[in-house]
Each structure stands twice: as structure tokens, then as C-alpha cells.
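A.B. asks: Submitted below is the structure of interest, expressed as C-alpha cells.
The values are calculated or read from the model by the stated rules, or taken from the named source; none is laboratory data. Every value quoted in this text rests on a predicted model; they were computed, and no experiment measured them. Cβ sites come from the backbone with ideal geometry, for glycine too, and all protein chains shown count toward neighbours.
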């Protein structure tokens, strides 16, 4: 298949950043003086930040508005996106090769835009993407295909020649159900789901270089 368009997830796919989201759900509640439930962080992995904020209000009866909760969570982690988070090995070379092959690229992520833009810029890869799509702006989490469909509309490439790079099982399930071709990306945070991911995906990678050498 000749690839014409690529939709990249951000955290755990382009960026080595899932360690931030592995604990932030509990960390935020603890900062509010609330003891979180044991499996909270696992639940939050499948939610957009808006869905997570609504969960805080519904289950933990927080008085703050949805916007205030989101601002509070983002404030705890935003410095990491501006200065600390780095791309995964091989990402820069892959993006360069894709650009040289005139492949259109964009980002679809649950992370809010200003942090996405900061991380892409600090890692000097922002120039490669024609668009950034966030769950907050689209109005749906990755349990719904809208964010991928919106990205595809902007790329203006055929779905049959567009691939998605994703590390999270729930997002992969959504993309595959919507008829997308998906490349599963290994990340430590989703290692316990890797067997399911491998079965679902059209391809599965632990090395961007190896995949790029074979396909570009």
C-alpha cells in the first residue's frame, strides 16, 4: 500500500510521556485532599480530560467547574510538556522520511492543544504536522471515532491509504471499528495489553527505524 496520510497519537506514540498520565488522575485528587479509588488511573487512560473532569464531579463531588478541574490538572503537568518530555527513539528520522515522501501528517490526541504545541516545538517536530486535533476541541474521547475522522478530513487522503499510529488499546479498537489501518506502537504503559493490540492491528512495532526502513 502506498501511504498518503498518517495520523499520529501523541503520548506513548510520538512522545515518551505516558508516565505523566499513569498517575495524574490520583495525584490531582490527592492534591485536593481526597483519597482516590485504587483503579482510578486505569479508568482515566480511556478518557479524555473532559470526561475525566466530569468523572471527578460525578463520583467525588468536586465543587469546581469542569474548566477549573481541567486547568488544575494541566497546571500540574504543563511544565513537563514545555521542557522535559522527549520524542521516542527513531521518531525524528521517521517524520523526516515521511515528509520527504510527501506523506501528509497530523496529530490526534487527548492532551490539550497548548501542551501538544509546546512539546512538538521543544522537540523540533512541529513543522511536520498539518494539523493538531484534541479530544477537548472535537468534543469526543477516543472511545468515539470523531477525532480520527476529523483528522482524515483535514489530510484529504483516502482512508485506504491513511494509517494511524497508536499505543492505547481502546483507541486502536475505535480506529479499527471505523475502518482505519492501524500500526500499534509498543509502550511500557500498555505492555499488559500488547497481545490484544497485536491481534487487532495491521502491524505492530517496537522500533520506528525498523518500520521506516521496511516501508518508506
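A.B. asks: Determine, yes or no, whether residue 76 is part of a helix (DSSP H, G or I), assigned by TED's automatic domain parsing to the domain that holds residue 185 and at pLDDT 95 or above.
C.D. replies: When the stated conditions are applied, residue 76 does not pass them.
A.B. asks: Looking at 109, 174, 162, can you tell me which residue is surrounded by 15 or more Cβ atoms within 10 Å (Cβ to Cβ) and under 12 Å from residue 10 (Cβ atoms)?
C.D. replies: None of the others qualify; the one that does is 109.
A.B. asks: If you don't mind, another one. Being part of a loop (DSSP other than H, G, I, E, B) and either at pLDDT below 90 or closer than 20 Å to residue 189 by Cβ (or both) is the filter here, so list the residues in the range 39-61 that pass it. If you could, list the steps in order and put the result at the bottom.
C.D. replies: Our first condition is that a residue be part of a loop (DSSP other than H, G, I, E, B); within the range 39-61, this holds for 39, 45-48, 61.
Of everything in the range 39-61, those that are part of a loop (DSSP other than H, G, I, E, B) and either at pLDDT below 90 or closer than 20 Å to residue 189 by Cβ (or both) turn out to be 39, 45, 46, 47, 48.
A.B. asks: Next up: Evaluate the range 154-163: report whether one residue or more is in contact with a strand residue (DSSP E or B) (Cβ under 8 Å, 6 or more places away or on another chain) and farther than 20 Å from residue 1 by Cβ.
C.D. replies: Checked the range 154-163: at least one residue is in contact with a strand residue (DSSP E or B) (Cβ under 8 Å, 6 or more places away or on another chain) and farther than 20 Å from residue 1 by Cβ.
A.B. asks: In the range 191-208, is there at least one residue being in contact with a strand residue (DSSP E or B) (Cβ under 7 Å, 6 or more places away or on another chain) and touching a residue at least 60 places away in the same chain (Cβ under 8 Å)?
C.D. replies: Checked against the condition, which is being in contact with a strand residue (DSSP E or B) (Cβ under 7 Å, 6 or more places away or on another chain) and touching a residue at least 60 places away in the same chain (Cβ under 8 Å), the range 191-208 yields no hits at all.
A.B. asks: With respect to residue 127, is the statement that it is assigned to a helix (DSSP H, G or I), surrounded by 15 or more Cβ atoms within 10 Å (Cβ to Cβ) and either touching a strand residue (DSSP E or B) at 6+ places or on another chain (Cβ under 9 Å) or in the same structural domain as residue 177 (by TED's automatic domain parsing) (or both) true?
C.D. replies: Considered against the rule, which asks whether it is assigned to a helix (DSSP H, G or I), surrounded by 15 or more Cβ atoms within 10 Å (Cβ to Cβ) and either touching a strand residue (DSSP E or B) at 6+ places or on another chain (Cβ under 9 Å) or in the same structural domain as residue 177 (by TED's automatic domain parsing) (or both), residue 127 comes out as no.
A.B. asks: Picking from 143, 64, which residue would you name as being over 17 Å from the mean Cα position of the chain (by Cα) and not in a helix (DSSP H, G or I)?
C.D. replies: One residue alone meets the criteria, 64.
Per-residue answers, yes or no, for (1) under 27 Å from residue 53 (Cα atoms); (2) in contact with a helix residue (DSSP H, G or I) (Cβ under 6 Å, 6 or more places away or on another chain); (3) assigned by TED's automatic domain parsing to the domain that holds residue 9:
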residue	(1), (2), (3)
120	yes, yes, yes
147	yes, yes, yes
158	no, no, yes
163	no, no, yes
169	yes, yes, yes
194	no, no, yes
200	no, yes, yes
205	no, yes, yes
